[in-house]
Amino acid sequence: MKKRSVLTTLRFSKGFSQTELAKELGVSQQYLSQIETGFYPCTDELLKRIATKLETDFLELRKQILERR
């Protein structure tokens, strides 16, 4: 079984679907999916918005993502 990304795990724990979170962030579901899978890197600006929506600390989230690369 494939391990979920930090963003995917956090998104699930906060009860968001990809579609719902993407809409809240003003990005496409496809783009959010590509960020979660690591296909595209996430800008700090977007990561700050994600952290805010998911009620988590931006710097801690950024650190966790970087550690998993």
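A few remarks follow.
- Each residue was assigned an accessible area with a 1.4 Å probe, and for T19 the value is about 90 Å².
- Value of [θ]222 nm, deg cm²/dmol, for the chain, DSSP H segments ≥ 4, -39500 (n - 2.57) each, nearest 500: -18000 deg cm²/dmol
- Ligands, DNA and RNA excluded, the heavy atoms of V27 present near 30 Å² of accessible surface to a 1.4 Å solvent probe.
- Estimated at 0.36 nm per residue, the fully extended path between K23 and T9 surpasses their Cα-Cα distance by 3.2 nm.
- Whole-Hz ³J(HN,Hα) from phi, Karplus 6.51 cos²θ - 1.76 cosθ + 1.60, for region 38-51, glycine and proline x: x, 5, 10, x, 9, 5, 4, 4, 5, 5, 5, 5, 4, 4
- To put it simply, the accessible area of the chain at a 1.4 Å probe is 51 percent carbon and sulfur.
- Area of Y31 that stays accessible when all protein chains are in place (1.4 Å probe, Å², to 10): 70
- Projected label points at K48 and E67, each 7 Å from Cα along the beta carbon direction, are separated by 2.3 nanometres.
- Structural descriptor for the chain: relative contact order 31 percent, calculated from alpha carbon pairs under 8 angstrom and at least 6 residues apart.
- Heavy-atom SASA rank of R11, R4 (probe 1.4 Å, accessible area, largest first): R4, R11
- Accessible area per residue in Å² at 1.4 Å probe, computed on the chain: 71
The values are calculated or read from the model by the stated rules, or taken from the named source; none is laboratory data. All of these numbers come straight from a predicted model, not from anything done at the bench. So basically every Cβ, Gly included, is an ideal-geometry build from the backbone, and we count neighbours across all protein chains shown. Note: areas computed on protein heavy atoms with side chains; ligands, DNA, RNA excluded. Shrake-Rupley method; radii C 1.70, N 1.55, O 1.52, S 1.80 Å.
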